[in-house]
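A quick write-up on the structure given underneath.
The values are calculated or read from the model by the stated rules, or taken from the named source; none is laboratory data. No experiment lies behind these values; they were computed from the predicted model shown. Heads up, the Cβs are rebuilt from the backbone with ideal geometry, glycines too, and the neighbour counts pull from every protein chain shown. Accessible surface is based on the protein model in full, side chains and every heavy atom, while ligands, DNA and RNA are left aside. Shrake-Rupley method; radii C 1.70, N 1.55, O 1.52, S 1.80 Å.
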Amino acid sequence: MLSKTGITSGPVSDLDLEMNATFTTNLTGTTITFEDESASTPEEKTKYKMAFRNSFGATIGVLTVKLVGNPEPDVPATVQKVARDVFDPAETTGTVTLLDPADHTYERIWKQAVRQGRTQIVDNVGKIDIRVKAEAGYAVDQSVATATDNSLVVNYSWNDANGTAIVSGSVRFDSSVRAYTGYTLGNIRITDTDSDSGSGDRRRRR
């Protein structure tokens, strides 16, 4: 997901967000549903649902992800959006409802402004909202593998009653901003909210 912000004098910044959800399973009924909620605004918003099902159609577990890229200009500006989606197995386009309630959730709100001198031109915002659930007879575990300024990796495992992993994998969220000549990057501001920790973790890079 690439969002390019520019003003009349030329390009200002690029907001580059990448989300990669990769899972390993022997289940043959896995399905992916994709919904594009983007409107005629600078905001790019997509939702995804992965349902892990066995050959009989019974659901083992579900993952939903909401990905948002939203440059917020402080001056008159235009935003060009470039979407890049790759699915394997092939997706079905439809309505995605985020899990509520969910067994585990993880949300990151990532921000980095771009300035010209002391004037803020645009605040680049990226968000990811991950939710997972296991069906009766199964359990799902969530653990954070990486949580740095520009990268988040959250691991998941759906296990049967014996503790054997039926589905395992991770969701990765990478975020970066490029500022063009004449502009400078502000601090990276992050709010991570992990349902397993019970509180938000706010960090700022100087």
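In table form, for the structure just shown:
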quantity: Scan of the stretch 57-75 for residues that are surrounded by fewer than 17 Cβ atoms within 10 Å (Cβ to Cβ) and either small (Gly, Ala, Ser) or free of Cβ contacts under 8 Å to residues at least 12 places away in the same chain (or both), ordered by number; calculated: Gly57, Ala58
quantity: First in the stretch 180-195 and under 23 Å from Ser143 (Cα atoms), second anywhere and modelled with pLDDT under 95 and not in a loop (DSSP other than H, G, I, E, B), Cβ under 6 Å, 6 or more apart; calculated: Arg189/Arg204; Ile190/Arg203; Thr191/Gly200; Thr191/Arg202; Asp192/Asp201; Thr193/Gly200
quantity: The one condition in (1) open to solvent by 60 Å² or more (accessible area, probe 1.4 Å); (2) among the charged types (D, E, K, R); (3) more than 23 Å from Ile32 (Cα to Cα) that Arg84 fails to fulfil; calculated: (3)
quantity: Complete set of residues in the stretch 130-154 that are under 16 Å from the mean Cα position of the chain (by Cα) and crowded, with 18+ Cβ neighbours inside 10 Å; calculated: Ile130, Arg131, Val132, Gln142, Leu152, Val154
quantity: Residues that are modelled with pLDDT of 95 or more, over 30 Å from Ala136 (Cα atoms), over 15 Å from the mean Cα position of the chain (by Cα) and hydrophobic (A, V, I, L, M, F, W, C), drawn from the stretch 8-58; calculated: Val12
quantity: The stretch 155-187, subset charged (D, E, K, R) and under 30 Å from Asn124 (Cα atoms), residue most open to solvent (accessible area, probe 1.4 Å); calculated: Arg178
quantity: Failed condition for Asn124, given (1) closer than 19 Å to Asp149 by Cα; (2) open to solvent by 60 Å² or more (accessible area, probe 1.4 Å); calculated: (2)
quantity: Among (1) within 21 Å of Asp174 (Cα to Cα); (2) crowded, with 16+ Cβ neighbours inside 10 Å, the one test that Arg115 misses; calculated: (1)
quantity: Those strands (runs of 3 or more DSSP E) lying entirely in the stretch 71-171 with at least 2 residues under 21 Å from Leu185 (Cα atoms); calculated: 78-82, 104-116, 119-134, 151-159
quantity: So Thr78, is it surrounded by fewer than 19 Cβ atoms within 10 Å (Cβ to Cβ), in contact with a Gly (Cβ under 7 Å, 6 or more places away or on another chain), polar (S, T, N, Q) and in contact (Cβ under 8 Å) with a residue 12 or more places away in the chain; calculated: yes
quantity: Pairs where the first residue, in the stretch 144-163, is touching a residue at least 12 places away in the same chain (Cβ under 8 Å) and under 19 Å from Val177 (Cβ atoms) and the second is open to solvent by less than 30 Å² (accessible area, probe 1.4 Å) and of a type in the set (Asp, Glu), C-beta under 7 Å, 6+ apart; calculated: Ala147/Asp192
quantity: Members of the stretch 10-34 found to be open to solvent by less than 50 Å² (accessible area, probe 1.4 Å) and farther than 30 Å from Arg178 by Cα, listed by number; calculated: Phe23, Thr25, Leu27, Gly29, Thr30, Ile32, Thr33
